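Asks: Before I ask anything, let me first share the structure, which is written out below as structure tokens.
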Amino acid sequence: MENQTRVRFAPSPTGFLHLGGARTALFNWLFARKYGGTFVLRIEDTDLERSDQKSVEVILEGLKWLNLLWDEGPEVGGKYGPYFQSKRLHLYPQFIQKLLVEGKAYYCFCSPEELAERREKTIAQGKSWRYDRRCLFMEQKEKEQLIAEGKKRVVRFRIPEGVTSFVDLLRGEVSFANQELDDFIILRSDDMPTYNFACVIDDALMKISHVIRGDDHISNTPRQVLLYQALGFPLPAFAHIPMILGKDKTRLSKRHGSPSVTYYRDQGYLPEAMMNYLARLGWASGEEEKEIFSEEELIERFDLSNVTKHAAVFDLDKLNWMNGVYIRQRDNASLSRILVEILQKRGKITPSEVTPEMEGYCEQIVAIMKDRMKYLAQIVEEAAYFFEQEVQFDPEAFQKILMKEGTEEILSRCLEEFKEIDDFTAPRLEEVVRKQAENLGIKAAKLIHPLRVAVSGKRVGPGLFELLEVLGKKRVIERIGLALEEISRQRLTQSSSG
Ligand code: GLU
């Protein structure tokens, strides 16, 4: 028999793919993989004003980047499609009709203005407002008349009396008193179904067995359960996973580092690190101190019973640490490809500059930088000198190190020596520099510091000899020459002004 485990990720395309959304997708995906089930992607785009195509693309791209590939959904199809709610509009009216005929739903003609007025009055009396069911009790004749006149109307679901309970796989039984619930709208005046309604119809028609979503939806669930019951659909299992909060325990937002998945991709975080990090956000395998999990390990160990019941806290430092671990595990060629993409996206190189030579250069760069990296864009942010035509000197480093007495002599000598080297490799360069220090009767550090500033503009960076090797003879010679020119220029202006 076909595996009955069917889960879904159902984003609304109203912006970027949020880390919280990505984690919801991940938990669904892990659950499907673990139980040999099906992972469905459904785009909930019935809110035409807020949904757009760009967001759909960003969401699909983000999921693909994280390797959260769906078994059914956009681009891949499946037997329960279409997978865009906007293309399923023909499916909803029959269920609206059924509820209307059975008296489980009713037309409501109250305009937003009328509702606002009544709401205000009720609240002014110190009472809480729920829809007052004015249209539920309207005479049939009057209703027909209004419909004939073409008056705007919505369809509301009639909440029955009683208590609605469901079992949440994380928190056990959850109950809501129905009188707390409003006769909510299921069909808007423009004939578009609302989220709660379309979601239930689609989950039922798509035979979703487990609804795993953020706990910001927990108050929607009793409404949805009532709709399942009203329509005679079997109930799926529910699991509401706790939110992701920032360190200050407020909802994750820009203030805590970007909440968008694409941002992390563009900063050079690795998808496997992101997957591992997101999985650990609110889930623990129970093995103390184990943080690094491969995809297979996650699938094997993941279970809803290990998802924490309290909110997860997003910790950028931990993500950085974890990404560093994965960077050091990756081969340099694949890191280089990511770096090349980042360089292009940031306009540091043009597409025509992406040559095998440039790729090789980037590969050498990541090889000497990866030990200290948190994310690959750090190379662009902190070591732009690899790609600059002219080195930008850090003013303080320039004054303190290059303007010191005797620096010109040191740099000129090194320059002459370097010109003679054919195998421009770190060991050879080290030998030459140390020899030179000996000849001058000074410590090697006295050569290393000015050389570093001359070729990189900075006081800190990777080991100098590796750095020189990677920059290569041509760049090194040019840069030392330019540094010497800049030193003379500065000396001249200093002496003329002083
Ligand atoms: N479209 C809803 C959202 O993005 C889906 C909620 C659900 O999973 O039911 O929040």
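The values are calculated or read from the model by the stated rules, or taken from the named source; none is laboratory data. Keep in mind that this is a model prediction, so the values were computed, not measured. Cβ placement follows ideal geometry from the backbone for every residue including glycine, while neighbour counts extend to all protein chains displayed. Side chains are part of the model used for accessible areas, which takes the heavy atoms of the whole protein and leaves out ligands, DNA and RNA. Shrake-Rupley method; radii C 1.70, N 1.55, O 1.52, S 1.80 Å.
Asks: Give me, ordered by chain and number, the residues 5 or more places off Gly214 or on other chains with an amide H under 5 Å from its own placed amide H.
Replies: Here Ile241 satisfy the definition.
Asks: In straight Cα distance, which lysines are under 16 Å from Lys151, not counting same-chain residues fewer than 8 positions off?
Replies: Within the straight-line cut-off, Lys151 pairs with Lys141, Lys143.
Asks: Label-point separation (nm) for Gln329 and Met403, each offset 7 Å from Cα along Cα-to-Cβ?
Replies: 4.9
Asks: Something else: Quick one: go through region 98-121 and flag any residue whose amide nitrogen is under 17 Å from the point 7 Å out along the Cα-to-Cβ line of Phe137.
Replies: 106-110, 115, 118-119
Asks: Once you place label points 7 Å from the Cα toward the Cβ at Leu146 and Glu296, how far apart are they in nm?
Replies: About 6.4 nm separates the two model spin labels.
Asks: Can you compute the helix-only [θ] at 222 nm over the chain? Use -39500 (n - 2.57) per DSSP H run of at least 4 residues, normalise by all residues, nearest 500 deg cm²/dmol.
Replies: Result for the chain: -14500 deg cm²/dmol, rounded to the nearest 500.
Asks: Additional query: Using modelled backbone amide H atoms (1.01 Å from N, in-plane), which distant-in-sequence or interchain residues come within less than 5 Å of Leu187's amide H?
Replies: For Leu187, the qualifying residues are Val155, Thr194.
Asks: Pop out the ³J(HN,Hα) list for region 378-395 in order, Karplus 6.51 cos²θ - 1.76 cosθ + 1.60 with θ = phi - 60°, rounded to Hz; leave Gly and Pro as x.
Replies: With the stated coefficients, region 378-395 comes to 4, 4, 6, 6, 10, 9, 4, 4, 4, 10, 8, 5, 10, 5, 8, 6, 5, x Hz.
Asks: For the chain, what log10 I(q)/I(0) values come out of the Debye formula at q = 0.06, 0.10, 0.12 1/Å, with one point per alpha carbon and no solvent?
Replies: -0.45, -0.87, -1.08
Asks: Round to the nearest 10 and give me the degree value, 0 to 90, for the angle of helix 53-65's Cα axis relative to the longest principal axis of the chain.
Replies: 60
Asks: I've got another one for you. Beyond 22 Å, what percent of the Cα pairs of region 340-498 remain?
Replies: Value for region 340-498 (Cα pairs over 22 Å): 43 percent.
Asks: Something else about it: Starting from the amide H of Val313, placed 1.01 Å from N in the peptide plane, find each other amide H under 5 Å away whose residue is 5 or more places distant or on another chain.
Replies: Amide H neighbours of Val313, under 5 Å, 5+ apart: Leu245.
Asks: Work out from phi, with θ = phi - 60° and the Karplus expression 6.51 cos²θ - 1.76 cosθ + 1.60, the ³J(HN,Hα) of each residue of region 301-307, listed in order in whole Hz, and give x for Gly and Pro.
Replies: 8, 4, 7, 4, 5, 9, 7
Asks: Quick one: of Lys400/Lys443; Lys247/Lys309; Lys370/Lys435; Lys318/Lys345, which pairs are farther than 21 Å apart, Cα to Cα?
Replies: Numbers: Lys400/Lys443 17 Å; Lys247/Lys309 17 Å; Lys370/Lys435 29 Å; Lys318/Lys345 26 Å.
Distance filter (> 21 Å) returns Lys370/Lys435; Lys318/Lys345.
Asks: Between Gln378 and Ala426, what is the label-to-label distance in nm when each label sits 7 Å out along the Cα-to-Cβ direction?
Replies: For the pair Gln378/Ala426, the computed spacing is 1.7 nm.
Asks: Could you work out how much longer the chain between Thr355 and Glu416 gets when fully extended? Use 0.36 nm per residue separation minus the Cα distance between them, nm to one decimal.
Replies: My answer for the length gained is 18.9 nm.
Asks: Any aspartates and glutamates with Cα under 18 Å of the Lys127 Cα? List them, leaving off those in the same chain fewer than 8 positions away.
Replies: Glu114, Glu117, Glu180, Asp182, Asp183
Asks: Continuing with this model, one more query. Using the reciprocal of the averaged 1/r over all distinct C-alpha pairs, how large is the Kirkwood radius of region 110-158 in Å?
Replies: Details: mean 1/r = 0.0821 Å⁻¹.
Hydrodynamic radius (Kirkwood, Cα only) of region 110-158 equals 12.2 Å.
Asks: Which number gives the lysine pairs in region 16-103 that have C-alpha atoms under 20 Å apart and are eight or more places apart or on different chains?
Replies: Close lysine pairs found across region 16-103: 4.
Asks: Going by accessible area, probe 1.4 Å, with all protein chains left in place, what is the ranking of Arg119, Arg8, largest first?
Replies: Working: Arg119 115, Arg8 10 Å².
The ordering from most to least exposed comes out as Arg119, Arg8.
Asks: Could you work out how much longer the chain between Asn220 and Ser175 gets when fully extended? Use 0.36 nm per residue separation minus the Cα distance between them, nm to one decimal.
Replies: This chain segment gains 15.0 nm when fully extended.
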